[in-house]
Amino acid sequence: MIPFTYVVVYSSIAFIALLLIRLFIQGGRFNKSTRCDGKVILITGANTGIGKETAQELLKRGGKVYIACRSLQKATQAKKELMEETGELDIHVRELDLSSLESVRNFAKRFLAEEPRLDILINNAGVMACPKTLTKDGFEMQFGVNHLGHFLLTNLLLDRLKASAPSRIVNLSSLAHKFGQINKDDLNSEKSYSELGAYNQSKLANLLFTKELAKRLEGSGVTTYAVHPGAVYTDLQRHFGTLFFLLDNFVVRSLMQFTFKTPKEGAQTSVYAALDEDLSNKTGRYYADCQEVKPSKAAENEETARWLWKVSEEMTGLSKKTS
């Protein structure tokens with residue numbers, strides 16, 4: 001029989017090891033007391049997960065926050081919870097379905113009519129590894145929501161962002177972009193489809209969009225940032241069971257909850273990119289754990305970024321507006 005003293009010692013060592021692992025997993029934190037009083041902030045998909053935690057933090061720092069979500073019911077519930085949690089009332093709910101270009105245009109038209117400024121746009125919403133589905137306009141869902149919907153939304157709001165400068169655009173990308181490629185011959189996954197391949201492509205598109213947008217906004221006072229929130233345990237993994245049946249197992253999901261970041265921890269880099277004054281003169285860069293990191297070579301390809309912009313304009317109908 002193992003002596004009781006050994007049990008205590010080994011248990012203590014194991015506990016400390018687990019604690020250190022947990023501290024490492026949670027990553028960088030934005031600990032500055034930077035305020036955003038008077039700033040108008042728009043966050044897509046902020047009814048849950050990272051977006052909701054981002055909204056909470058920016059509310060507490062004085063921001064006027066709009067949460068734009070597909071489900072008004074869920075967004076309204078999130079608004080109620082956020083007001084109770086923060087004691088702040090300056091939070092507003094608007095309907096926005098990023099899988100519909102018509103919905104994006106309707107949202108932008110209404111927002112511009114009612115709100116005279118926009119200081120921070122956080123393109124947070126997204127879908128991940130879903131079975132092949134098409135948006136209302138016939139685009140592959142992950143590329144359509146994660147990239148095209150936000151591409152159109154951002155462009156429709158650009159004049160207001162410029163008028164409110166200095167202002168910022170934060171695009172949620174992912175480390176998964178390093179495994180992605182922009183398939184110029186099958187951008188819409190019509191010839192073949194991979195759940196993760198399409199997701200990786202959409203996250204690479206987020207980075208290329210950030211890079212090209214920064215070039216086009218040079219001198220305007222609007223800066224752009226792409227962020228990787230880390231591996232975060234949220235509703236985003238709801239489709240994983242169709243890929244890996246083991247992830248439906250209670251034990252495995254419990255392990256994920258321990259080894260993944262919480263939504264609050266995942267929101268730190270979004271808040272950092274939205275507020276940190278040290279980033280005021282930086283634009284078009286990629287951040288993770290509240291520090292700049294180097295993206296993949298594919299994400300720095302200026303030719304691909306220009307090509308993607310042109311194609312995205314055509315797909316969303318923006319080229320007709322500007323031609």
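Quick notes on this one:
- The H on the amide N of Ser174, modeled in the peptide plane, is under 5 Å from the matching H of no residue at least 5 residues off or on a different chain.
- R0 of 25 Å, Cβ-Cβ distance Asp185-Asp137: FRET efficiency to nearest 0.05: 0.75
- Placing unit charges on each Cβ (+1 for Lys and Arg, -1 for Asp and Glu) gives the stretch 34-318 a dipole about its Cα centre, and among Ala198, Gln291, Leu175 the Cα reaching farthest toward its positive end belongs to Gln291.
- For the stretch 131-188 versus the stretch 46-119, the inter-centroid distance based on Cα atoms is 18 Å.
- Charge sum, other residues only, whose C-beta stays under 13 Å from Asn123's C-beta, Lys/Arg counted +1 and Asp/Glu -1: +2
- Full-extension gain in nm, Lys80 to Arg35, via 0.36 nm per residue minus C-alpha separation: 13.9 nm
- Here the Karplus curve 6.51 cos²θ - 1.76 cosθ + 1.60, taken at θ = phi - 60°, turns the phi angles of the stretch 206-219 into couplings of 4, 6, 5, 4, 4, 5, 5, 4, 4, 5, 6, 9, 3, x Hz, with x standing for Gly and Pro.
- Length-normalised contact order for the stretch 34-318 - Cα pairs under 8 Å, 6+ apart - percent: 19 percent
- Relative exposure of Ser296, Ser174, Ser270, judged by other C-beta atoms within 10 Å (fewest first): Ser296, Ser174, Ser270
- Nearest-0.05 FRET efficiency for Lys310 and Asn281, computed from C-beta distance (R0 35 Å): 0.80
- Taking only alpha carbon atoms, the stretch 84-144 gives an Rg to Rh ratio of 1.06, where Rh is the Kirkwood radius.
- q = 0.07, 0.11 Å⁻¹, the stretch 34-318: log10 I(q)/I(0) [Debye, one scatterer per Cα]: -0.23, -0.58
- Rounded to the nearest 20, the size of the Cβ-charge dipole of the stretch 34-318 about its Cα centre is 100 debye, with Lys and Arg at +1 and Asp and Glu at -1.
Only the coordinates and a few stated rules stand behind these numbers; no lab work does. All values derive from a computational prediction rather than experimental measurement. All Cβ positions, even for glycine, are placed from backbone atoms using ideal geometry, and neighbour counts span all protein chains on display.
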